[in-house]
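Worksheet: the structure to be examined is printed underneath.
The values are calculated or read from the model by the stated rules, or taken from the named source; none is laboratory data. Worth saying up front: this structure is predicted, and the values here are computed from it rather than measured. Note: ideal-geometry Cβ built from the backbone for every residue, glycine included; neighbour counts use all protein chains shown. What goes into the accessible areas is simple: the full protein's heavy atoms, side chains included, and nothing from ligands, DNA or RNA. Shrake-Rupley method; radii C 1.70, N 1.55, O 1.52, S 1.80 Å.
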Amino acid sequence: MAEILPVVDVSNLGKTVDNGGEPLTILQDITFSVAAGETVAIVGASGSGKSTLLGLLAGLDVPSAGEIRLDGIALAALDEDARAVQRGRMLGFVFQSFQLLPSLTALENVMLPLELAGAKGAGDTARDWLQRVGLGQRLKHYPKHLSGGEQQRVALARAFAPAPRLVLADEPTGNLDAVTGQQIIDLMFDLNDKQGTTLILVTHDEAIAARCGRVLRIQAGQLAA
């Protein structure tokens, strides 16, 4: 029987940066793996290294030590262009600040990763996903004409539309009021469950973390027991 590789496999990960001529350790000896379909919350105090870890998992930054494998592929073995291809192939992103392109409509924002991946019928797929997140009547609206909750719904549609293996979410309710944030979290977990996607979520909200199958706590750059 073939071995089933974890979607994410992190070994002895470390990140150190220069701080005015002195080394500053942000992450140290981080080791964990995430199986297909798991939901994992990463929690910790502000400045503990949560978002740095997420950036490393996405290949947006490179570690100072250790290794990250996505679907068995070591990110360190890839150059920047190859890491970008890997992101497009298997990752979806949900950001605190939405990160929609202001010059594109809601429909065009969702179409963009599909078109970059060479998917056929990008327009139809994007329309379907905007319908799923309740924005079927907002296809031609630009981000500035959408509320914060609507922008995050577009971001969810954009993240899930390419059918990624892994979705990374960084404080997805951080810029939303409590009621809207709850609606977005409910929608994200519903979409994730229906798609069978692996989800890694950075949050400071213990109630949101408790909805995940597993919680990883970072304290002073290290995983707590």
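For the stretch 37-112, the relative contact order works out to 16 percent when only alpha carbon pairs closer than 8 Å and six or more residues apart are counted. Here the accessible area of the chain is 50 percent carbon and sulfur, with a 1.4 angstrom probe and all protein chains present.
Look at the Cα gyration tensor of the stretch 1-113: its axes a ≥ b ≥ c give a/c of at least 1.5 with a/b at or below b/c, and that counts as oblate. Take the alpha carbon gyration tensor of the stretch 88-199, find the square roots of its eigenvalues, order them as a ≥ b ≥ c, and report rounded if a/c is under 1.5; if not, report prolate when a/b exceeds b/c, else oblate. Cα axes put the stretch 88-199 in the oblate bin. Taking every alpha-carbon pair under 8 Å whose residues sit at least 6 apart, the chain reaches a relative contact order of 29 percent. When the charge dipole of the chain is built from unit charges on Cβ atoms (+1 for Lys and Arg, -1 for Asp and Glu) and taken about the Cα centre, the candidate among 77, 164, 51 whose Cα reaches farthest toward its positive end is 164. Stretching residue 77 away from residue 31 to a fully extended chain increases their span by 14.7 nm, per 0.36 nm per residue minus the current alpha-carbon distance. Here the chain is described by how far its Cα atoms reach on the three principal axes: 51, 41, 40 Å, from widest to narrowest. Computed extension gain for residue 124 through residue 219, at 0.36 nm per residue and net of the alpha carbon distance, reaches 29.8 nm. Accessible surface area normalised per residue over the chain is 49 Å², counting heavy atoms of protein chains with a 1.4 Å rolling probe. DSSP beta bridges fully contained in the stretch 1-137 are about 100 percent antiparallel. The charge dipole of the chain, taken about the Cα centre with unit charges on the Cβ atoms of Lys, Arg (+1) and Asp, Glu (-1), comes to about 600 debye, rounded to the nearest 20. When the Cα gyration tensor is reduced to axis lengths a ≥ b ≥ c, the ratio a/c is 1.5 or higher for the stretch 98-158, and with a/b above b/c it is classed as prolate.
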